[in-house]
1. For region 288-323, name all the residues that are over 22 Å from residue 269 (Cβ atoms) and under 18 Å from the mean Cα position of the chain (by Cα).
2. Could you count how many residues in region 336-346 are over 11 Å from residue 298 (Cβ atoms) and in a helix (DSSP H, G or I)?
3. Would you pick out the residues in region 355-394 that are more than 29 Å from residue 326 (Cα to Cα) and surrounded by 15 or more Cβ atoms within 10 Å (Cβ to Cβ)?
4. Just one of (1) under 24 Å from residue 271 (Cα atoms); (2) modelled with pLDDT of 95 or more trips up residue 330, so point out which.
5. Go through the residues of region 368-389 one by one and say whether even a single one is closer than 27 Å to residue 261 by Cβ, under 34 Å from the mean Cα position of the chain (by Cα) and part of a helix (DSSP H, G or I).
6. Looking only at region 99-115, decide whether some residue is in a helix (DSSP H, G or I), modelled with pLDDT of 95 or more, more than 28 Å from residue 57 (Cβ to Cβ) and under 28 Å from the mean Cα position of the chain (by Cα).
7. What is the one condition in (1) surrounded by 15 or more Cβ atoms within 10 Å (Cβ to Cβ); (2) over 15 Å from the mean Cα position of the chain (by Cα); (3) farther than 24 Å from residue 231 by Cβ that residue 194 does not satisfy?
8. Going by the conditions given, is residue 410 in a helix (DSSP H, G or I), at pLDDT below 95 and over 36 Å from the mean Cα position of the chain (by Cα)?
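The values are calculated or read from the model by the stated rules, or taken from the named source; none is laboratory data. Everything numeric in this text was worked out from a predicted model, so none of it was measured. Cβ: placed from backbone, ideal geometry, glycine included. Neighbour counts: every protein chain shown.
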């Protein structure tokens, strides 16, 4: 949003003096107080902007500028992260000043306040109101973008793709185009539409080279190569190269943590576990509050598993569950813990972990594999009845599982035909 700049030509009368001098503010007329409040807003002094706008509204509620002052009060509160208070202030503006000049922006910011609180459905109600009531207004492209972002955060990726595509097509001069291409690519990535996602990330790199979102797009390219590495291992060096570009060229960007953990994961797949540990530990030591800390714990555990350091691996995995129980990796970590316990021949503990994994992450791509291991455990324990029961469940729920045949074969060769 472009914020209009107002100057406050008040000579040597400073805000500090005004607040210390009880007669200072009282001596200011409506016009001077209005300009002073806006000058504080435009210089990022939101505390004093809020104080001054409230004083203005108390003294001059019927002034011609009262609507603008109410709007900037709400905007100041939003900039401070006071989403509920800002929402209430924007709604006062919308109700009290129906002919105001910032109705579209106020409506958009109500939606933004809900988005900041992760109340996504409510946020889109307000964004939709902007798009239907002010389709040609200056806030329309913002509303379209944030509607897409709301859908993306809800993991409604197909709808997010449609929303971001519409922004790109309908608002070719929007200042949010680079971000729209990036999140379009991210949405397509989550749909496993890797060529389409690659196109969007490269569009950011080529067409928006000065945008702050460029390092994020570069990390997105690395993530695509990592994902494609499952079918073609030659993609892992490409992934590492993409992540290293961010590490080398954009070390202070917000994308650096994603690049570092991506480099660690790339080294893991390249079977260079020493290098993997170096990068993953860097996340923990240098960025202890990063959202990628649980992923670092997870991949450190995986690296230790590959070198048969099962006790150490279990320590890393346990940190995910104990410190980040709601992390994306929390479910799959239970599966890896089950594998560790299985490889240690700690079968009761392995069964417990696999069963907990199925409860925590029932739609995981590794759910069928968990039955593969539990069947083997019951066979090893000579509990054929339970082994057959587990296999029957596996056969019913995962009839196309690639490990179904080998599981059945193990039943037979293990003495549980």
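1. Within region 288-323, 288, 289 qualify.
2. Matching residues across region 336-346 total 6.
3. Here is the first cut: in region 355-394, the ones more than 29 Å from residue 326 (Cα to Cα) are 376, 378-389, 391-392.
376, 378, 379, 384, 386, 387, 388, 391, listed by residue number.
4. Only one criterion is unmet by residue 330, namely (2).
5. Taking every residue of region 368-389 in turn, at least one turns out to be closer than 27 Å to residue 261 by Cβ, under 34 Å from the mean Cα position of the chain (by Cα) and part of a helix (DSSP H, G or I).
6. no
7. Checking residue 194 against (1) surrounded by 15 or more Cβ atoms within 10 Å (Cβ to Cβ); (2) over 15 Å from the mean Cα position of the chain (by Cα); (3) farther than 24 Å from residue 231 by Cβ, the one that fails is (3).
8. So residue 410 fits the description; yes.
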